[in-house]
Amino acid sequence: MQSCEISSDSTDDPLSSALRTPRQPRIVVIGAGLAGLAATKVLLKRGFTDVTVLEALDHIGGRVHSIKHGETALELGATWIHGSNGNPVYHLAEDNGLLEHTTDGETSVERISLYTKNGVAHYLTNVGKRIPKDLVEEFSDLYNEVYELTQEFFQHGKPVGAESQNSVGVFTRDVVRKRITMDPDDSESTKKLKLSMLQQYLKVESCESSSPNMDEVSLSEFGEWTEIPGAHHVIPAGFNKIVELLARDIPPHTICLSKPVRCIHWNYSAQHNESIGKSDDAIRDNNHNRNDRSSKDPLKRGHPICVECEDDECLMADHVIVTVSLGFLKHTHEAMFSPSLPEDKVLAIEKLGISTTDKIFLEYTEPFWSPECNSIQFVWEDDAQLEQLTYPEELWYKKICSFDVLYPPERYGYMLSGWICGEEALYMERCDDETVAETCTELLRHFTGNPDIPKPQRILRSSWGSNQYFRGSYSYTRVGSSGGDFEKLAMPLPYANSTKSPGLQLLFAGEATHRKYYSTSHGALLSGQREAYRLVEMYHEWHSADTTKPNM
């Protein structure tokens, strides 16, 4: 393809001119996570050459963050490949030999519960007693049965009763509690244990959903999230290998690191032109040069968008693919877009949910847990009758639902991975490493009844909630939102047929823009490809007629 400039004297619509001439469209991708890299990779492969990626952090990967640990990696972000059949992340890993050393304990064909299936989970109470394995299995069967019921509201159009408040947490707690209390075969002490286990299971569910608690998750929409069939996999060498594969064919100069964006000026109005004109008049008067107006006016230059960076550099563009997190959009959309986003898109941003799920890694020189133990689950008996699982800041540690044992020890050493979500995760993030290590040690001593458990030799933890460029881990359908809000968030701007301005100026990608696969790495990757193919189709005459796109 040949690149040429649009004449500054042209009065034609700049994008229409671009379609009639071989001028290369100028595309800016904001964010170098899986969505941004996937979009960039497609664009470059399809012949687009004027592509720039702006990444606020000093590294690529977004919410993939692998920390080197010997021959393996600890995942502060994305951990699992969720399903294999048709999953583009799985095929990237499999085709490039990343799963060759995955152990049986690092795959699961069932619904995963945070980490490994090897061994036995130890459910311990806050009085230092282990709940019998048969009682755990009995309760687990009950909980999973009710979990299946939560899927039916969306999948089978089942009406939602007012008593559930359209909440997964309220519905689950009510149904499970009724079944437990009505069981004539259980003693009162057994019933109390099961009620306490219910609360612990809901904490685990909150971590998996990345919601503050399951009371905030929409019951009517819960079943729309789609699980790809096939086994789930961990990548032993680190999930960042997927990032490296996506970035492999992207020229280094294409990606600008440590380049946060301040504002995207799109769809310039008469007011913008007037302000630009006034600015140019001042420049013209100062320079005594009446011929430089065309070099300052982005409309006359043929680029309807100005991307203003925090370092005051401005990049002109025909199209911008925005891949920032939902949490970032919630906090910055008013300042980030000029003119403001349409009201319906803002409403979708506000209605959808995103919270924080954090990990706490504790490394030991020797294990204090038994060989068959795959996790330590914290069951607080005094939580049995709580209606909402939220705690004051000084009790943040009560939201830690479990510590999983990383297998195999030959790869990880003696390592535990703890999980915490919601506001309590933000409280944890504000503590220093020493405080978190001491708190976790006391928690483990208390529940195991072993006062000799040593402090870990190393602690590592994530901080997705307080990171200003993420402000959360991943999205969920909050009560009052729907799958349609994900689609509304994904709609490009300006809306079709709503303006004579150039189309596809702003495109939106990221896990929170995929209706079925939100909250996943493959959802993020597919969303990036989806937006890139919008542009490929727009400029289809530049590309071979037999170009096919993936099923997204």
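The values are calculated or read from the model by the stated rules, or taken from the named source; none is laboratory data. Since we're looking at a predicted model, the values are computed, not measured. No Cβ is skipped: glycine too gets one built from the backbone with ideal geometry, and neighbour counts run over all protein chains shown. For accessibility, only protein heavy atoms count, side chains too; no ligands or nucleic acids. Shrake-Rupley method; radii C 1.70, N 1.55, O 1.52, S 1.80 Å.
Of all residues in region 119-144, those that are basic (Lys, Arg) and at pLDDT 95 or above have Cβ atoms under 9 Å from Cβ atoms of residues that are open to solvent by 20 Å² or more (accessible area, probe 1.4 Å) and part of a helix (DSSP H, G or I), 6 or more apart or on another chain, in ARG130/THR448.
Residue by residue, here is whether (1) among the charged types (D, E, K, R); (2) assigned to a loop (DSSP other than H, G, I, E, B); (3) at pLDDT below 95 holds:
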{"position": "TRP464", "(1), (2), (3)": "no, yes, no"}
{"position": "PHE470", "(1), (2), (3)": "no, yes, no"}
{"position": "SER481", "(1), (2), (3)": "no, yes, no"}
{"position": "ASP485", "(1), (2), (3)": "yes, no, no"}
{"position": "LEU489", "(1), (2), (3)": "no, no, no"}
{"position": "LYS549", "(1), (2), (3)": "yes, yes, yes"}
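Please determine, by comparing only the residues of region 176-230 that are among the aromatic types (Phe, Trp, Tyr) and part of a helix (DSSP H, G or I), which one is nearest to the chain's Cα centre (by Cα). Full working, then the answer.
If we filter region 176-230 for residues that are among the aromatic types (Phe, Trp, Tyr), which is where we start, we get 201, 222, 225.
With part of a helix (DSSP H, G or I) added as a condition, the list becomes 201, 222.
Numbers: TYR201: 22, PHE222: 17 Å.
Step by step, filter region 176-230, then rank; the result is PHE222.
Return the residue satisfying two criteria in turn: it lies in region 459-484 and is hydroxyl-bearing (Ser, Thr, Tyr) and open to solvent by 20 Å² or more (accessible area, probe 1.4 Å), and of such residues it is farthest from the chain's Cα centre (by Cα). Applying the filter and picking the extreme gives SER482.
Residues of region 42-61 that are touching a Ser or Thr at 6+ places or on another chain (Cβ under 7 Å) and in a strand (DSSP E or B): VAL51, THR52, VAL53. Candidates in region 80-117 are the residues that are buried (at least 21 other Cβ atoms within 10 Å of the Cβ) and among the β-branched types (Val, Ile, Thr); of these, the one that is modelled with the lowest pLDDT is THR116.
Scanning region 48-68 for residues that are open to solvent by 20 Å² or more (accessible area, probe 1.4 Å) and farther than 25 Å from LEU326 by Cβ gives THR49, ASP50, LYS68. Taking each residue of region 21-43 that is without any contact (Cβ under 8 Å) to a residue 12 or more places away in the chain and looking for partners that are in a helix (DSSP H, G or I) and surrounded by 23 or more Cβ atoms within 10 Å (Cβ to Cβ) with beta-carbon atoms closer than 9 Å, six or more apart or interchain, yields nothing. Just one of the numbered conditions (1) in contact with a Ser or Thr (Cβ under 7 Å, 6 or more places away or on another chain); (2) assigned to a helix (DSSP H, G or I); (3) open to solvent by less than 10 Å² (accessible area, probe 1.4 Å) is not true of GLY238: (2). Consider region 180-233 and keep the residues that are farther than 19 Å from TRP396 by Cα and among the basic types (Lys, Arg). The one that is least open to solvent (accessible area, probe 1.4 Å) is LYS194. Residue count for region 485-514 satisfying the condition of being within 18 Å of the chain's Cα centre (by Cα) and surrounded by fewer than 20 Cβ atoms within 10 Å (Cβ to Cβ): 1. Scanning region 218-265 for residues that are in contact (Cβ under 8 Å) with a residue 40 or more places away in the chain and of a type in the set (Lys, Arg), we see that the one that is nearest to THR49 (Cα to Cα) is LYS259.
How many residues does region 334-359 hold that are touching a Phe, Trp or Tyr at 6+ places or on another chain (Cβ under 8 Å), more than 23 Å from VAL307 (Cβ to Cβ) and either at pLDDT below 95 or of a type in the set (A, V, I, L, M) (or both)? Break it down into steps so the answer makes sense when it comes.
At the first step, the residues of region 334-359 found to be touching a Phe, Trp or Tyr at 6+ places or on another chain (Cβ under 8 Å) are 337-339, 342, 348, 352-359.
Next cut, more than 23 Å from VAL307 (Cβ to Cβ) only: 352-359.
Imposing the further condition that a residue be either at pLDDT below 95 or of a type in the set (A, V, I, L, M) (or both) reduces the set to 352, 354.
The qualifying residues number 2.
Is it the case that TYR414 is open to solvent by 50 Å² or more (accessible area, probe 1.4 Å), closer than 20 Å to GLU75 by Cβ and either touching a residue at least 40 places away in the same chain (Cβ under 8 Å) or in contact with a Ser or Thr (Cβ under 7 Å, 6 or more places away or on another chain) (or both)? When the stated conditions are applied, TYR414 passes them. Cβ-Cβ contacts under 6 Å between residues 6 or more apart (or on different chains), taken from a first residue in region 491-520 that is without any contact (Cβ under 8 Å) to a residue 60 or more places away in the chain to a second residue that is assigned to a loop (DSSP other than H, G, I, E, B), are listed as PRO492/LEU504.
Of all residues in region 241-263, those satisfying the criterion of being open to solvent by less than 30 Å² (accessible area, probe 1.4 Å) and either over 21 Å from VAL42 (Cβ atoms) or small (Gly, Ala, Ser) (or both) are ALA247, LYS259, PRO260, VAL261, CYS263.
HIS65 passes every criterion in (1) modelled with pLDDT of 95 or more; (2) more than 24 Å from the chain's Cα centre (by Cα); (3) over 30 Å from MET538 (Cβ atoms) apart from (2).
The residue that is farthest from the chain's Cα centre (by Cα), among those in region 442-458 that are open to solvent by less than 30 Å² (accessible area, probe 1.4 Å) and over 14 Å from ASN126 (Cα atoms), is ILE453.
So that you can scan it fast, the table gives a plain yes or no per residue for (1) at pLDDT 95 or above; (2) out of contact with any Pro (no Cβ under 9 Å at 6 or more places or on another chain); (3) of a type in the set (D, E, K, R):
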| residue | (1), (2), (3) |
| --- | --- |
| HIS156 | no, yes, no |
| VAL175 | yes, yes, no |
| LEU198 | yes, yes, no |
| SER206 | yes, no, no |
